[in-house]
Amino acid sequence: MTANATRVLVLNSGSSSVKYQLLDMRSGARLATGLVERIGEETSRLVHNPSAAGGERREAEGAIPDHEAALKAVAAELAADGLGLGSPELAAIGHRVVHGGLKFSAPTVIDEAVLKEIERLVPVAPLHNPANITGIRTAQALRPDLPQVAVFDTAFHTTMPEYAARYAIDVATADAHRIRRYGFHGTSHAYVSRRTAQLLGKAPQDVNVIVLHLGNGASASAVQGGRCVDTSMGLTPLEGLVMGTRSGDIDPAVTFHLKRVAGMSTDEIDELLNKKSGLLGLCGDNDMREIRRRIDAGGEDGARAALAFDIYIHRLKKYIGAYTAVLGRVDAVAFTAGVGENAAPVRAAAIAGLEGLGMSVDASLNAVRSDEARLISPEYARVAVAVVPTDEELEIAQQTYALVNA
Ligand code: ADP
């Protein structure tokens, strides 16, 4: 790698999409961002923003059959701005990998053995790891000489103590099938907890934070002195909070009941709990903006949306309470991701009534719209409540760059 190689391309390959960002690690500039969605359909779409290159946002529609074609299309867009993958300034490609199991507690340079291990984890991450592997293999084919780094969603949670990570089921069965709580969104929880400490003017090791990552997927984590000690997602991203389309916590016996009494197949139950539950299952919408609009409109439909909202908030409160007990002392609660960063009513409702825990929200601070990390609790509050925009791509780029320069 040359001394001029200061750029990192971050790739987040989903089952039918690829999100990407090209960052310059010396200047901190985001040179380009974009995404390809609906890969494999007739109506695939590529959106490319050459943010710092001065060009115009470009959008193209048309069939993109697979990830290889998607990545080639991305490479062509970057090349059109003089930012092609062949550039000697590119230091590495950082890949978001969803499941790293227990083996990967840190970013890792990808070789065949690492790819094999990511493949071995497909049974516990069937929706995510295959797409991540395809993204890696395609990027390797385009630039075989370049270091490719895997940054795992599970890595930040590998510090969870055994008593938080284990389910209370037969140990031999659990071990034989690698059943335990792994947690996800780790890159976001790591970034946001560190950024929250910074916002408080403290070192991460001196701060205990409850991070609430509320996007379409949602998870909470308890971070003690910079280390994750508990998180709400488990073996898969289904456990924990109520999400856009996932149920979060339910009595596991619901699944037996659906099989035995409702006659549903395992795949149907999987689909029900992952894709047709959560806010969507409760009220027909998974977008918090639409839910708030319906609540404001009132009537019977508004009441249905309000019940979904209340169930969502009730679960959030339970996790805030649980993690307060786990941490013993909480310095901050940080809201992040699409809902956490934008939905003031969610933040207000989640913290309402928690004065006994030292938590409250200042209504006027909470109403401010901003892209900056900020406090929304009143000055007197014992616990800081913060809105901290997450930046998983920056975190992946930083971890990737640090590793290839180590
Ligand atoms: P993902 O989990 O897909 O990465 P995001 O973190 O981008 O999701 O969050 C997406 C969700 O954020 C949307 O489904 C929507 O519910 C919510 N959201 C985005 N903007 C707003 C807003 N202005 N007000 C309320 N909710 C919002």
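The values are calculated or read from the model by the stated rules, or taken from the named source; none is laboratory data. None of these values were measured; they are calculated from a predicted model. Don't worry about glycine lacking a Cβ; one is built from the backbone with ideal geometry, like all the others, and counts go over all protein chains shown. Just so you know, the surface numbers come from the protein's heavy atoms only, side chains and all, with ligands and any DNA or RNA stripped out. Shrake-Rupley method; radii C 1.70, N 1.55, O 1.52, S 1.80 Å.
Partners of K72 within straight-line reach, counting lysines whose Cα lies under 29 Å from its Cα and excluding those fewer than 8 residues away in the same chain: K19, K116.
Counting pairs of alpha carbon atoms under 8 Å apart in space and at least six apart in sequence, what relative contact order in percent does the range 333-406 give? Please list the in-between numbers first.
Values: 92 pairs, mean separation 23.7, N = 74.
Over the range 333-406, the number comes to 32 percent.
Full extension of the chain between Y380 and A60 yields a length gain of 110.0 nm, computed as 0.36 nm times the residue separation minus the alpha carbon distance.
About the centre of its Cα atoms, the range 286-406 shows a dipole size close to 440 debye [charges on the beta carbon of Lys, Arg (+1) and Asp, Glu (-1) only; nearest 20 debye]. Against the chain, whose longest principal axis comes from its Cα atoms, helix 186-199 is set at around 70 degrees.
Amide H contacts for V149 (H built 1.01 Å from N in the peptide plane; partners 5 or more residues away or on another chain; cut-off under 5 Å): I93, G94, H95, I110.
Between V122, P65, H189, whose Cα lies farthest towards the positive end of the dipole of the chain when Lys and Arg beta carbons carry +1 and Asp and Glu beta carbons carry -1, centred on the Cα centre? Checked the options; the winner is H189.
Only helices enter the 222 nm calculation for the chain: every DSSP H run of n ≥ 4 contributes -39,500 (n - 2.57), and dividing by all residues gives -11500 deg cm²/dmol, rounded to 500.
Does the chain come out rounded, prolate or oblate by the C-alpha gyration tensor, with a ≥ b ≥ c the root eigenvalues, rounded set by a/c under 1.5 and, if not, prolate when a/b is larger than b/c and oblate if not?
Because its axes are fairly even, with a/c under 1.5, the chain counts as rounded.
The value of relative contact order for the chain, using C-alpha pairs under 8 Å at least six residues apart, is 14 percent.
Spatial offset of the range 1-74 relative to the range 202-268 amounts to 30 Å, using the alpha carbon center of each.
Sites listed here are trypsin sites (Lys or Arg not before Pro) in the range 14-55 whose DSSP assignment is loop and whose Cβ has at most 13 other Cβ atoms within 10 Å: R26. Evaluated at q = 0.10, 0.11, 0.13 Å⁻¹, the base-10 log of the normalised Debye intensity for the range 225-338, with identical point scatterers placed on the Cα atoms, takes the values -0.37, -0.45, -0.61. In percent, rounded to a whole number, the relative contact order of the range 1-157 is 24, using alpha-carbon pairs under 8 Å and six or more apart.
What you get for the range 164-209, charging only the Cβ of Lys and Arg (+1) and of Asp and Glu (-1), is a dipole of about 140 debye around the Cα centre. Once you have a ≥ b ≥ c as the square roots of the Cα gyration tensor eigenvalues for the range 295-385, tell me rounded if a/c is under 1.5, and otherwise prolate or oblate according to whether a/b is larger than b/c. Oblate, since a/c reaches 1.5 and b/c is not below a/b. A simple rule links phi to the HN-Hα coupling: the Karplus curve 6.51 cos²θ - 1.76 cosθ + 1.60 with θ = phi - 60°, which for the range 122-136 gives 4, x, 8, 9, x, 7, 10, 4, x, 5, 4, 5, 4, x, 5 Hz, with x for Gly and Pro. For the range 328-343, the Karplus equation 6.51 cos²θ - 1.76 cosθ + 1.60, evaluated at θ = phi - 60°, returns couplings of x, 10, 10, 8, 7, 10, 10, 8, 8, 6, x, 6, x, 7, 10, 9 Hz by residue, with Gly and Pro reported as x. When both bridge partners sit in the chain, DSSP labels roughly 65% of those beta bridges antiparallel.
Restricting attention to the range 326-406, which GluC sites (Glu not before Pro) occupy a DSSP loop and are surrounded by at most 14 other Cβ atoms within 10 Å?
Working: sites: E341, E355, E372, E379, E392, E393, E395; in loops: E372, E379.
Answer in residue order: E372, E379.
Bridging of K317 to lysines at a Cα separation below 25 Å is possible for K275, K276, once same-chain residues fewer than 8 apart are set aside. Listed values for the range 228-236 are Karplus-derived 3J(HN,Hα) couplings in whole Hz (6.51 cos²θ - 1.76 cosθ + 1.60, θ = phi - 60°), namely 6, 10, 6, 8, 8, 7, x, 4, 10, and x replaces Gly and Pro.
A simple spin-label model places pseudo-atoms 7 Å from Cα toward Cβ; at R38 and N4 they are separated by 4.0 nm. Nonpolar atom fraction for the range 252-353, defined as the carbon and sulfur part of the 1.4 Å probe accessible area, stands at 56 percent. Potential lengthening of the chain between R166 and Q140 amounts to 5.8 nm, from the contour at 0.36 nm per residue minus the alpha-carbon distance.
Would you work out the charge dipole size for the chain about its Cα centre, treating the Cβ of every Lys and Arg as +1 and the Cβ of every Asp and Glu as -1, and quote it to the nearest 20 debye? The partial results should precede the final answer.
Values: 41 positive and 48 negative charges, 140 e Å.
Here the chain has a charge dipole of around 680 debye.
Solvent-accessible surface of the chain, taken per residue with a 1.4 Å probe and all protein chains present: 44 Å². Tell me, how many Å apart are the Cα centres for the range 327-393 and for the range 121-171? Taking the Cα centre of the range 121-171 as reference, the centre of the range 327-393 is 30 Å away. List the trypsin sites (Lys or Arg not before Pro) within the range 285-376 that fall in a DSSP loop (any state other than H, G, I, E or B) and whose Cβ has at most 15 other Cβ atoms within 10 Å. Here the sparse-neighbourhood loop sites are R329, R369. The overall shape of the range 100-253 is oblate: from the C-alpha gyration tensor, with semi-axes ordered a ≥ b ≥ c, the ratio a/c is 1.5 or greater and a/b is no larger than b/c.
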